[in-house]
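Reviewing the structure listed below.
The values are calculated or read from the model by the stated rules, or taken from the named source; none is laboratory data. Please read all numbers here as calculations on a predicted model, not as lab measurements. So basically every Cβ, Gly included, is an ideal-geometry build from the backbone, and we count neighbours across all protein chains shown. Ligands, DNA and RNA are stripped out before the accessible areas are found, and what is left, the full protein with its side chains, is counted by its heavy atoms. Shrake-Rupley method; radii C 1.70, N 1.55, O 1.52, S 1.80 Å.
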Amino acid sequence: MNRGMKILPLKISFLIMGASGIVAQIVLLRELLISFLGNELTLGIILANWLILEAIGSFIIGKSVEKVKKKMEVYVFLQIFFSVALPFSIYLCRIFKNILLTTPGEGLGFAPILYSSFLILLPVSISHGALFTYGSKLYSRYERDGATSIGKVYILETIGSIIGGLLITFLLVQYFNSFEIAFMISLINALVSVSLLWPEKKPPFQIRHFSCFLSILYVMLFLFLLFSSIPNKIHRSSLQLQWKGLNVIHNENSIYGNITVTQRGEQFTFFTDGLPSITTPVPDIASIEDIVHFSMLFHGKPESVLILSGGAGGMIHEILKYPVARLDYVELDPLLLSLIQKFPTPLTQSELADPRVKIHYTDGRFFVQKTPDRFDLIFIGLPAPQELQTNRLFSSEFFSIARKKMNPNGIIVLTLPGSLTYISPELRDLNGCILDTLKSIFKYVRIIPGDTNLYFASDSKSLEEVTAPEMVRRLEERKIPTSLFTRGYIEHRLHERWLNWFSKSMERKEVHINSDFRPLGVFFNLSYWNALFSPYLSKVFKVFEKFSLGLSLGITLFLTASLSILFLKKPLLSNYSLPYSIFTSGFADMMLHLAIIFTFQTLYGYLYHQIGLLITVFMVGIALSSFFITQRLDRIEKGYTLFLWTELSIILFSLLLPFVLSTPSHHLEKTSIYVLLYATFLIMSFLCGILVGFQFPLATKIYLKTHSGEERIGHTAGLLYGADLFGGFFGGLFGGILLLPVLGLKESCFMMAIIKMSSLTLLLIFMKTQKPK
């Protein structure tokens, strides 16, 4: 009974450790993405920094567990430190731009993003990483087998991560601000700290009593903070510092992101994740008139229009000047239009109240796939493909779907960054990639160059036949009132010298097609973004562009051969083949699960709750397989053989995954295939988790078997957990930036198989040199 009473708070603390980690990660990630105006590169840098810092905490800080006498007190200190550091780091996320002397809305380069996010995440991530190592050592007091103790901590932390992930995804982020969430986490950690230190007897005064007393004080402090108005005051004051010089009148989170509303006089600006998306009642008239009136006048008689995002705040208003019969407006986040209606202007009221306007709150690609309607004009209101999610509206597969939803003379319209003075190599690659993709689907593509390039694509030759005089005639005939869109302006923009100059500047040897399963548009957009903010890294991106499966195979073979020779000459070093295997599994795990989510989004749309379900199923797979194997660790005699089978299983999974996910995608219009493939995604996500969960407990058993002694438990937990996180660091940094965009889905998965073959080879050498029984 006494043993049970002691171990229960410790088990609860492991659950809280997992829940706290995932909640802190998501909150800080969202906050940093707002400040960094996030894209796929920014996301990769932040996630990579979190994982590398956790790995450092687990291995470097965690190594001290074997030398420290007051292990429980240090464990509790780390919990409290994490609890205090979390709200402090959130505050830093909002004010660090003031320290760097930048302004709201100003983009940052690679280096400032790297070191800023590293320093901001450092106190939270390192302390949280060290908790796993200390927790494993503490739990080993109650388990005969060290590997079992590490395995059970791993299971409980994973279950906590599942609970925390569900709470932050579906509840906390929608109803509480970041500081309220942080203080909730801090309070829960302080409460469990008290339960861990609470003395059962009353011996003379010890350091544990003092630590317990401090924990009680922290509980009282966090209780006071949570149930007072202080979190809201900190929230509001930090927002004003974050948006220095702007009058913030509203800030709110939705499951899709953050929306901030600022006011200047009668003007409202709506920022989505730090980027200005809508300004009312006086929008950017020049840009809106450009995209709307050129598009509407290229068409002989536009009656049905579809806008995929970005329609409110001027675009709808301009389109409704024409005698259209129906306008469908698709917006992913209902919160955006809800706030536009909360802060109304005559412009937005007239737009959204018009009976011809039908609003759909869903993913744009999902809507196009499912709608039975056809359209004369389809506007893609999103900017260039900044990440894998938005790339789905710029791929050849989407253009094929949209083409089927267009009337005979239908036109699809999109915009990309441009220039009328100099087109850099990065800007040329980005525009060229999307231009090549449009030309691969549509018979006719027309471009109006400018600081923002306008692209029009259609299967109707009439698109190319509309001249400047004809457009002026249509404008006057339809009696459309405009501000800047005049006869002189039309003649200027459609003058052939601009198109001739653009065509000459765009001359290239290669043809790049942006597809769902090889999203090159994301890579070229990141390369262009990097050239603007970190031009010193341009050569690095040029090297990345040449990256291939053959090159990765050559590098892996060289590394494997070098390590094999080293391990055969110095057999003791072959012990590191096991951490290397866990490292490669962490890399493959991150990449394969990213590939599953990326492919799901591509085929089914950005359906937030379904993606949450995929992640949950993956985590459940980890927890169940870890539990299954941990319960049998003391009875497993051939741990080496079983571990090798898990290596082979991951290799096979990597080879089969792209075919399992992509082959049925060509027949999604069939309901049976649609449902079957959906189930397949859930199964593959679960299997991916199963394979990951099997390996870690087995690895701890094998490593401890070759490094006997109780003092090795903390070292083993820190080393293997750190190796897993370090692998995740590489997967997070390069997965969405380099591997999936440049190599594509199939070759990225094949690369994971090659890397796992490398670890399998080194494991076989380890078994030969150690000759385990």
DSSP-loop chymotrypsin sites (Phe, Trp or Tyr not before Pro) across segment 355-440, with at most 10 other Cβ within 10 angstrom
Y422
If you stretched the chain out fully between K569 and T102, how much longer would it get, using 0.36 nm times the residue separation minus the C-alpha to C-alpha distance?
162.7 nm
In the set (1) 51; (2) 56; (3) 44, which value of percent of Cα pairs over 38 Å apart was calculated from the structure you see?
(3)
Two-site label geometry, L119 and R487: point separation in nm, points 7 Å out along Cα→Cβ:
6.0 nm
Report the FRET efficiency, 1/(1 + (r/R0)^6), for E303 and S548, where r is their Cβ-Cβ distance and R0 is 51 Å, rounded to 0.05.
0.60
What accessible area, in Å² to the nearest ten, does a 1.4 Å probe give for R356?
60 Å²
When the Cα centres of segment 350-395 and segment 598-637 are compared, how far apart do they sit, in Å?
32 Å
Along the Cα-to-C-beta direction of H250, a point sits 7 Å from the Cα; which residues of segment 343-386 have their amide N less than 14 Å from that point?
343-346, 348-349
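Can you give me the accessible area per residue for segment 176-282, using a 1.4 Å probe, in Å²? Display every interim value, and only then the final one.
Numbers: 5500 Å² over 107 residues.
On a per-residue basis, segment 176-282 sits at 51 Å².
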Any idea of K670's accessible area? Nearest 10 Å², probe 1.4 Å.
110 Å²
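Over segment 117-202, with every protein chain in place, what whole percent of the accessible area is carbon and sulfur at 1.4 Å, could you tell me? Before the final figure, lay out the partial values.
Values: 1960 of 2980 Å².
Result for segment 117-202: 66 percent of the exposed heavy-atom area is carbon or sulfur.
Among rounded, prolate and oblate, which fits segment 39-163 when a ≥ b ≥ c are the square roots of the eigenvalues of its C-alpha gyration tensor, a/c under 1.5 means rounded, and a/b larger than b/c means prolate?
Details: a/c = 2.81, a/b = 2.23, b/c = 1.26.
Note, shape of segment 39-163 comes out prolate.
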Nitroxide proxy distance, nm - points 7 Å out along Cα→Cβ at R497 and Y361
5.1 nm
Just the accessible area for D724, please: 1.4 Å probe, Å², rounded to the nearest 10?
30 Å²
Between T452 and V660, what is the label-to-label distance in nm when each label sits 7 Å out along the Cα-to-Cβ direction?
4.3 nm
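With charges set only on the Cβ (+1 for Lys and Arg, -1 for Asp and Glu), what does the dipole of the chain come to about its Cα centre, in debye to the nearest 20? Provide the component values of the computation, followed by the final result.
On the way: 68 positive and 54 negative charges, 497 e Å.
Here the chain has a charge dipole of around 2380 debye.
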Past 27 Å, Cα to Cα: identify those pairs from K439/K746; K301/K405; K439/K546; K63/K638; K63/K152; K244/K321, in the order given.
K63/K638; K244/K321
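Relative to the present Cα-Cα distance, how much length would full extension add between L559 and M506 at 0.36 nm per residue of separation?
Working: separation 53, 0.36 × 53 = 19.08 nm, distance 3.98 nm.
Between L559 and M506, full extension yields an extra 15.1 nm.
Between E477 and Y674, what is the FRET efficiency for a Förster distance of 41 Å, r being their Cβ-Cβ separation, to the nearest 0.05?
Working: r = 45 Å, r/R0 = 1.11.
Between E477 and Y674 the formula returns 0.35.
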Measuring with a 1.4 Å probe in the full set of protein chains, what accessible area per residue, in whole Å², belongs to segment 539-617?
44 Å²
Please give me, ordered by residue number, the trypsin sites (Lys or Arg not before Pro) of segment 104-164 that lie in loop per DSSP and have at most 14 other Cβ atoms within 10 Å.
R144
Out of L33, F766, Q242, whose Cα points farthest toward the positive end of the dipole of the chain (charges: +1 Lys, Arg; -1 Asp, Glu; placed on Cβ)?
F766
Relative contact order computed over the chain (Cα-Cα under 8 Å; 6+ residues apart), in percent:
18 percent
How much length is gained on full extension from L167 to I683, taking 0.36 nm per residue of separation minus their Cα-Cα distance?
183.5 nm
Descending accessible area (1.4 Å probe), largest on the left, turns D273, D363 into D273, D363
